[in-house]
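Read through the structure below, which is laid out as structure tokens, and then see the notes.
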Amino acid sequence: MALETTDFLDIDDLTPAELDRVLERASAMKAGEDAAQLPNQTLAMIFEKPSTRTRVSFETGLTDLGGHAMFLGPDDIQLGHGEPLRDTARVLGRYTDGVMARLFDHEDVEILAEYADCPVINGLTDQAHPCQTLADLLTIREHAGEDVRVAWVGDGNNVGQSFVVGAAMAGIDVTVATPAEYAMDEAIFDRAADFGADPTVTTDPAAAVADADVVYTDVWISMGQEDERERKLAAFDGFQVNEELLAGSDAAVMHCLPAHRGEEITNAVLESERALAWDQAENRLHAQKALLVELLE
Ligand code: CP
Ligand code: NVA
């Protein structure tokens, strides 16, 4: 059965049942038990920002499925040289079976979806990173089941915002600890409430970590925020996921990567047995293959 949505701009473009189905399919693909293919299907991948995981996992994933993904960086296409996004969208939609885009403004991925006559996947905007959330939820399923408490510690950023909504859809209990000035958008909690969730919000990382099974963090300075570096580093004092914060806890630790060791997380924690970051990164591949099959087939 086809998904209700034609585009995947944020995690709640899926219904909770569809999210479960994508994750089940991802597990089956990972186990070699689902051989779905997308022969000769093509995906245009627009990148305004750098990427390791998103680029390589989509490209490898679609190749595994018998199709072909094209990397289109800022200097590769006319988009970076004055062609309006809606024109790029209209044209790509006539060539390719799907478009994946990593952009700055979330509104731009919405424009892409409006004008491209094919499915559009958000590969990260300043507001959301739903492909990461798929991999995160798959990783939590594998390691901890879903009867878990997750503490998001750090910036109320794109990765955190999509995760809070996705966790709500999966029935996962979340506490969010951010500095007050870097809180998540209020709308995120309204969207979580649509799925019956009521995330706890605090400015105290120790309180968030105290009864958590999983602690999740991401960089404090996201791509495009380099000018805010000094101000943000000061604001996040005390929010580092380190051995002191985790003392007395046996929580696993998640990080979407890339990590800035010595800022939001220490080398010791990321290199410890607690770290699930490597499985999260691998699961991008399996989760996105499942998503591509569900969206494009
Ligand atoms: N987590 C993630 O999206 O990584 P990349 O920036 O390397 O794609
Ligand atoms: N919050 C980070 C995530 C990178 C995958 C950023 O937007 O740069």
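Tell me the per residue accessible area of the stretch 1-97 using a 1.4 Å probe; a whole number in Å² is fine.
Value for the stretch 1-97: 51 Å² per residue.
Check cross-link reach from LYS30 to the lysines: straight Cα distance under 19 Å, and skip same-chain residues fewer than eight apart.
Qualifying lysines at Cα under 19 Å: LYS289.
Subtract the Cα-Cα distance of ALA31 and HIS68 from 0.36 nm times their separation in residues, and report this length gain in nm to one decimal.
Gain on extension, ALA31 to HIS68, equals 11.1 nm.
Any idea what Rg and Dmax come out to for the chain if you just take the C-alpha atoms, in Å?
18.5, 56
Count the net charge of all other residues whose Cβ sits under 12 Å from the Cβ of GLY61, scoring Lys and Arg as +1 and Asp and Glu as -1.
Charge balance in the 12 Å sphere: +2.
For the stretch 220-297, what does the equivalent ellipsoid look like in terms of its semi-axes, each the square root of 5 times an eigenvalue of the Cα gyration tensor, given largest first in whole Å?
28, 20, 9
How high is the relative contact order of the stretch 20-171, in percent, counting Cα pairs under 8 Å that sit 6 or more residues apart?
20
For the stretch 130-280, what mean projected area does the convex hull of the alpha carbons give, in nm²?
Over every viewing direction, the Cα hull of the stretch 130-280 projects on average to 7.9 nm².
To the nearest 10 degrees, how steeply does helix 106-115 sit against the main Cα axis of the chain, on a 0 to 90 scale?
20
Please tell me the relative contact order of the stretch 130-280 in percent, rounded to the nearest whole number, where contacts are Cα pairs under 8 Å and at least six residues apart.
25
Starting from the Cα-Cα distance between GLU114 and THR200, subtract it from 0.36 nm times their residue separation and give me the gain in nm to one decimal.
Working it through step by step, the gained length comes to 27.5 nm.
Just to verify a number: what accessible area does ARG53 come out at with the full protein assembly present, 1.4 Å probe, Å² rounded to tens?
For ARG53, the solvent-accessible surface is approximately 60 Å².
Return the loop-located GluC sites (Glu not before Pro) in the stretch 187-284 (DSSP other than H, G, I, E, B) with at most 16 other Cβ atoms within 10 Å of their own Cβ; answer none if there are none.
Counting only loop positions with at most 16 other Cβ atoms within 10 Å, the GluC sites (Glu not before Pro) in the stretch 187-284 are GLU243, GLU244, GLU271, GLU273.
Determine the equivalent ellipsoid of the stretch 33-190 by diagonalising the alpha-carbon gyration tensor, then write out the semi-axes as square roots of 5 times the eigenvalues, largest first, rounded to whole Å.
30, 21, 12
Label-point separation (nm) for MET223 and GLU83, each offset 7 Å from Cα along Cα-to-Cβ?
Spacing of the two 7 Å Cα→Cβ label points: 2.0 nm.
Leaving ligands, DNA and RNA out of it, report the carbon-plus-sulfur percent of the accessible area of the chain at a 1.4 Å probe.
Answer for the chain: carbon and sulfur cover 46 percent of the accessible area.
Full extension from ARG231 to HIS106: what is 0.36 nm times the residue separation minus their Cα-Cα distance, to one decimal in nm?
Contour length minus Cα-Cα distance gives 42.6 nm.
The values are calculated or read from the model by the stated rules, or taken from the named source; none is laboratory data. Treat the numbers as computed from the prediction; the structure is a model and nothing was measured. Every residue, glycine as well, gets a Cβ built from its backbone with ideal geometry; the counts of neighbours run over all protein chains shown. Please note that ligands, DNA and RNA were not included when accessible areas were found on the heavy atoms of the full protein model with its side chains. Shrake-Rupley method; radii C 1.70, N 1.55, O 1.52, S 1.80 Å.
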